[in-house]
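Chemist: First the structure, which I've put down as structure tokens, then a few questions once you've had a look.
The values are calculated or read from the model by the stated rules, or taken from the named source; none is laboratory data. Everything quoted here is computed from the prediction, not taken from an experiment. Heads up, the Cβs are rebuilt from the backbone with ideal geometry, glycines too, and the neighbour counts pull from every protein chain shown. Just the protein is used for accessible areas: all its heavy atoms, side chains included, with ligands, DNA and RNA removed. Shrake-Rupley method; radii C 1.70, N 1.55, O 1.52, S 1.80 Å.
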Amino acid sequence: MAVFDTPRPRVSRLVVTGAAGVIGTALRGRLGHLAEEIVLSDLADVATEGAEISRPCDLTDLAALRALLRGGGDVLHFGGQSVEAPFERILNANLIGLYNLYEAARLEGVRRVLFASSNHAIGFHERETRLDASAPTRPDSLYGVSKVYGEAMARFYHDKFGVESLILRIGSCFPEPKDRRMLATWMSVEDMIRLIERMVRAPKLGCPIVYGASANAEQWWDNREAAYLGWTPQDSSERWRAAREAEQPDLDPDAPEVRFQGGAFCAMPHPDDAGDPS
Ligand SMILES: NC(=O)c1ccc[n+]([C@@H]2O[C@H](COP(=O)([O-])OP(=O)(O)OC[C@H]3O[C@@H](n4cnc5c(N)ncnc54)[C@H](O)[C@@H]3O)[C@@H](O)[C@H]2O)c1
């Protein structure tokens with residue numbers, strides 16, 4: 001399906017939550033070509049570049065989120081708890097916060113959201129199992145469970161209220177892969193920006209699930225169901241392979257962190273037993 005015959009006009013506003021985080025910081029100053037106004041939001045003010053403006057907002061505060069989204073535009077939702085944590089933190093940032101985000105979108109007329117989901121929503125699949133968008137979820141952590149909930153919320157708001165979402169199951173979006181597992185899961189910031197461009201310009205988005213990985217030599221995921229977006233990752237983790245393999249030469253293939261896609265998350269204790277691991 002060719003959805004780019006008539007690209008969508010430039011959006012007036014792009015709101016980025018989690019703007020002080022790893023991904024939000026990497027996107028700083030890189031989105032100006034996509035919207036008239038770039039609104040960066042996190043718990044506290046963030047530094048801005050060019051036409052960006054900073055609007056702090058706590059995701060647990062629906063009224064504040066409504067004020068943030070007033071004026072419409074698209075939302076890139078990167079805010080929230082981004083690793084395993086005690087349930088109370090997951091509850092506030094990822095369950096209540098995610099509900100508030102979609103409810104504010106519905107009430108303020110936002111029609112398109114990128115929801116930063118995670119590979120940890122499917123982390124207990126074995127690495128040999130090639131997954132596509134139809135694969136059952138198998139979360140590996142309370143954090144992963146919160147992403148499954150977020151994906152369901154995205155789909156519900158799409159099917160019932162017409163809010164489109166790109167559900168992005170991000171692998172590992174960092175400047176470079178940090179370990180051997182990330183040689184398969186790494187997503188470059190440039191490939192993230194290319195995907196955001198496709199999402200913002202697509203005349204019709206729908207509610208696709210996209211696995212967020214670059215064109216790495218080792219691939220666990222199949223994005224054919226989202227091929228209509230025309231996103232083609234271009235970077236590869238291969239140039240870090242020798243270094244990462246030398247750092248971790250002897251991995252036990254039967255260890256849960258090696259067997260399963262979620263890596264170390266699959267071997268973590270319950271966060272409410274272990275204290276705060278983050
Ligand atoms: N970086 C990755 O490789 C990766 C992989 C999978 C999924 N993700 C997802 O992508 C998103 C961004 O990841 P990241 O690595 O930049 O995370 P991060 O932890 O660096 O940034 C998250 C940001 O959210 C903000 N935040 C937390 N609670 C908030 C609240 N209640 N109100 C407002 N802001 C709040 C934090 O202050 C932080 O700046 C997260 O949702 C994460 O789960 C990231």
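Chemist: So the check is Cβ under 6 Å with 6+ separation or different chains; which pairs have a first residue in region 44-67 that's touching a residue at least 40 places away in the same chain (Cβ under 8 Å) and open to solvent by 40 Å² or more (accessible area, probe 1.4 Å) and a second one that's more than 12 Å from the ligand (Cβ to nearest atom) and not hydrophobic (A, V, I, L, M, F, W, C)?
Modeler: Between residues of region 44-67 that are touching a residue at least 40 places away in the same chain (Cβ under 8 Å) and open to solvent by 40 Å² or more (accessible area, probe 1.4 Å) and residues that are more than 12 Å from the ligand (Cβ to nearest atom) and not hydrophobic (A, V, I, L, M, F, W, C), the close pairs are R66/E108.
Chemist: Same structure again: Looking only at region 170-179, count how many residues are buried (at least 21 other Cβ atoms within 10 Å of the Cβ) and over 14 Å from the mean Cα position of the chain (by Cα). Write out each step before concluding.
Modeler: Filtering region 170-179 down to residues buried (at least 21 other Cβ atoms within 10 Å of the Cβ) leaves 170-173, 177.
Still in the running and over 14 Å from the mean Cα position of the chain (by Cα): 177.
Looking only at that region, the number is 1.
Chemist: Does region 210-222 contain any residue that is among the polar types (S, T, N, Q), open to solvent by 10 Å² or more (accessible area, probe 1.4 Å) and over 17 Å from the mean Cα position of the chain (by Cα)? Steps first, please.
Modeler: So in region 210-222, the residues among the polar types (S, T, N, Q) come out as 214, 216, 219.
Filter again for open to solvent by 10 Å² or more (accessible area, probe 1.4 Å), leaving 219.
Keeping just the survivors that are over 17 Å from the mean Cα position of the chain (by Cα) gives 219.
Among the residues of region 210-222, at least one is among the polar types (S, T, N, Q), open to solvent by 10 Å² or more (accessible area, probe 1.4 Å) and over 17 Å from the mean Cα position of the chain (by Cα), which makes the answer yes.
Chemist: Any chance you could count how many residues in region 148-165 are part of a helix (DSSP H, G or I) and open to solvent by 20 Å² or more (accessible area, probe 1.4 Å)? Outline the logic, then answer.
Modeler: To start, the set of residues in region 148-165 that are part of a helix (DSSP H, G or I) comprises 148-161.
When the remaining residues are screened for being open to solvent by 20 Å² or more (accessible area, probe 1.4 Å), the result is 148-149, 152-153, 155-156, 158-161.
Number satisfying all stated conditions: 10.
Chemist: What's the number of the condition L195 fails, among (1) surrounded by 16 or more Cβ atoms within 10 Å (Cβ to Cβ); (2) touching a Lys or Arg at 6+ places or on another chain (Cβ under 9 Å)?
Modeler: For L195, the failing item is (2).
Chemist: How many residues, within region 92-117, are open to solvent by 10 Å² or more (accessible area, probe 1.4 Å) and of a type in the set (K, R)?
Modeler: Counting residues in region 92-117 that are open to solvent by 10 Å² or more (accessible area, probe 1.4 Å) and of a type in the set (K, R) gives 2.
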